[in-house]
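Since the structure comes first, as structure tokens, the remarks are kept for the end.
We did not get these values from a lab; they are worked out from the coordinates using the rules stated. Predicted model, so just to flag it, every value in this text is computed and none were measured. Here the Cβ positions follow ideal geometry from the backbone for every residue, glycine too, while neighbour counts run over all protein chains shown.
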Amino acid sequence: MCSPFLWRAIACEWRIRHHINKISHQINCVRIQTRHTSKAHTMSNENPSENKTSLAMLKGLLPFLKPYKKEFFLAGIALLVAAAATLSIPYAFRQMIDLGFAKGDAQMSGVQDFAHVDVYFLALFGVATVLGLATAARFYMVSLLGERVTADVRSAVYGHVVTQSPEFFETTQTGEVLSRLTTDTTIIQSVVGTSISMALRNSLLLIGGLVMLLVTSVKLSMIIIVLLAAVVLPIVIYGRRVRALSRDSQNRIADASAMAGEILNAMPTVQAFTHERIESSRFGGLVESAFATAMQRIRARSMLTMMAIVLVFGTIVFVLWLGARAVLAGDMSGGELSQFILYAAMVASAIGALSEILGEAQRAAGATERLLELMSVRSPIVSPAQAVMLPARAAAGATVELRQVDFHYPSRPLSNSLSGVSLKVNAGETVAVVGASGAGKTTLFQLLLRFYDPQAGVIELDGVDVAKLDLQDLRDTIGIVPQDTVIFSANALENIRYGRADATDVEVIAAAKMAAAHEFIEKLPDGYQSFLGERGVRLSGGQRQRIAIARALLKNPPLLLLDEATSALDAESERLVQGALETAMQGRTTIIIAHRLATVQRADRIVVMENGQIVETGTHASLVEHGGIYAHLAGLQFGLH
């Protein structure tokens with residue numbers, strides 16, 4: 001009599017679980033693949049063996065999880081309540097079938113009394129209500145934890161990366177760092193905010209379900225456990241192939257995305273060389289490669305789904321057949337059979353979910369390992385534990401001295417950029433450094449800012465070794481106008497204020513006037529509030545450089561470094577900026593790098609570099625008279641003979 005109801009209950013339970021798992025998996029795949037498109041390249045030290053990353057790497061997340069013990073405790077309570085409610089549902093079905101329907105049959109001959117049936121259905125609804133509330137609380141708490149921990153990880157990684165020296169960025173692609181900040185942390189968010197909770201929930205359901213199976217029927221339990229073990233093994237093995245193909249698919253998408261990003265950032269060059277069709281063809285090839293790999297993944301996933309459904313359902317049907325025979329033989333009631341089947345379905349579903357979660361956990365372990373690699377990198381340039389304070393200056397400007405400095409870049413250990421360089425710049429002096437490209441001029445600036453440390457020799461600021469100074473104090477003393485001007489995605493006011501964060505609007509405008517930038521800024525649509533575009537694309541090269549000069553002047557440092565500060569200016573702008581710079585140089589030490597010798601003629605001293613060495617020193621007139629390298633350069637630019 002209860003068979004149709006029992007079959008409908010079993011079918012409904014299984015269909016709901018199957019569709020939820022399938023939809024959840026599809027959503028995760030789409031989300032992960034979409035976010036992977038930001039990844040350009042992998043780190044140079046990565047290799048395929050990372051796919052087998054030990055789950056022990058997830059321990060690296062513990063420092064980020066510890067501050068939220070309270071939230072974990074509340075989520076754990078909600079998880080236990082939800083699991084208990086879930087495990088009680090099959091038992092409630094049994095009671096309802098065996099007691100409710102049995103009593104109803106006994107009363108068929110008399111006056112109907114449905115009170116007992118009402119009680120069981122109300123109890124079942126109460127269990128469902130508790131389950132809904134506990135599940136909502138668990139979802140809220142674990143989602144909160146996922147978002148919070150991910151935000152903490154991103155902040156910690158970014159805060160660590162920005163303290164690295166240029167040596168780090170010399171060997172690491174910024175696109176890879178961004179990928180780790182986005183893609184890898186998103187995977188971790190999925191694990192912390194979903195997978196851990198689902199793993200615990202399904203573990204509880206698996207253990208509780210097995211216990212209740214044994215309580216219901218030891219014989220059938222042993223049969224189904226053996227059969228499920230035999231069924232799950234091939235599913236897990238084939239599942240590894242699906243995960244490998246998923247990784248390949250994500251890598252192909254990442255390759256296409258990386259190429260697209262590179263080309264889109266260089267569209268003027270692409271169009272100038274009429275490479276639109278060529279680049280479209282290249283991108284199309286990568287897209288087709290990604291499609292082919294995705295189809296392999298889809299075929300494998302289809303086979304895995306078929307195997308899972310046929311094998312798991314085959315096991316359930318076989319055990320159901322045995323149970324039905326036991327019911328007919330009087331060894332088991334209909335309620336006990338329905339309870340057993342529901343618990344069996346629960347155990348099978350938990351095993352399948354845990355298998356899928358294990359794959360996600362392995363991916364998260366790999367992501368954690370990559371982030372920990374990033375966090376473990378230690379900059380060779382750090383402030384000393386006991387930093388020395390700069391002495392009070394007796395005169396305006398700072399004194400700079402280099403003594404027998406040798407230096408090579410970490411990426412070029414066999415090629416010295418500086419060899420035995422000794423130079424002293426007195427307070428308030430203006431020194432120009434000239435020479436051919438690659439002579440070592442910009443390297444001097446990078447060493448003064450302590451972006452690198454020399455392999456030999458000493459660099460002193462006001463008589464103190466720069467290696468003994470706090471990096472903040474050292475760099476606060478120096479203002480620089482770099483050759484490659486950096487303009488941030490902000491308005492003109494904030495771009496100049498970058499030189500000194502606490503500067504007032506009046507001080508910002510004054511610096512802009514000194515740099516001959518005020519006039520063109522005022523002509524912008526919103527004046528100083530005008531957005532300058534990404535990398536300053538709304539400005540000309542000369543305008544960008546004048547913004548950078550204004551930023552350095554706003555800082556008002558005792559030591560000013562000008563690296564080709566007027567190279568992008570037209571003749572009129574250069575004249576204006578030269579006048580402003582000459583005013584700004586008063587009362588401070590200035591070191592100028594310039595290829596255009598017209599900008600260095602009035603320097604107190606000119607230093608000529610060649611192949612990383614100082615080969616000539618003097619004034620413009622004395623060096624021209626000397627007839628060396630500088631005289632040759634001057635002859636080329638000024639037509640001197």
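Please list, by residue number, every one of the trypsin sites (Lys or Arg not before Pro) in region 483-535 that is coil in DSSP and has at most 11 other beta-carbon atoms within 10 Å.
Those satisfying the criteria are Lys523.
Calculate the translational D of region 265-408 in whole µm² s⁻¹ from Stokes-Einstein, where the hydrodynamic radius comes from the Kirkwood formula applied to all Cα pairs, the temperature is 37 °C and the viscosity 0.692 mPa s.
D, rounded to a whole number, is 134 µm²/s.
In whole angstrom, how far apart do the alpha carbon centroids of region 119-153 and region 479-513 sit?
50
Which values, in whole Å and largest first, are the semi-axes of the equivalent ellipsoid of region 128-215 obtained as the square root of 5 times each eigenvalue of the Cα gyration tensor?
Over the Cα atoms of region 128-215, the ellipsoid semi-axes are 40, 14, 8 Å.
Sort 589-597, 378-386 by the packing proxy (mean of other Cβ within 10 Å over each peptide's residues), most packed first.
Ranking, from highest mean packing down: 589-597, 378-386.
Given Lys441/Lys523; Lys523/Lys555; Lys468/Lys513; Lys441/Lys555; Lys59/Lys468; Lys424/Lys513, which pairs have Cα atoms separated by over 29 Å?
Beyond 29 Å: Lys441/Lys523; Lys468/Lys513; Lys59/Lys468; Lys424/Lys513.
Where does region 419-467 land on Rg/Rh, using Cα atoms and the Kirkwood Rh?
A ratio of 0.94.
Show me the ranking of peptides 417-425, 277-285, 300-308 by mean Cβ neighbours inside 10 Å, starting with the highest.
417-425, 300-308, 277-285
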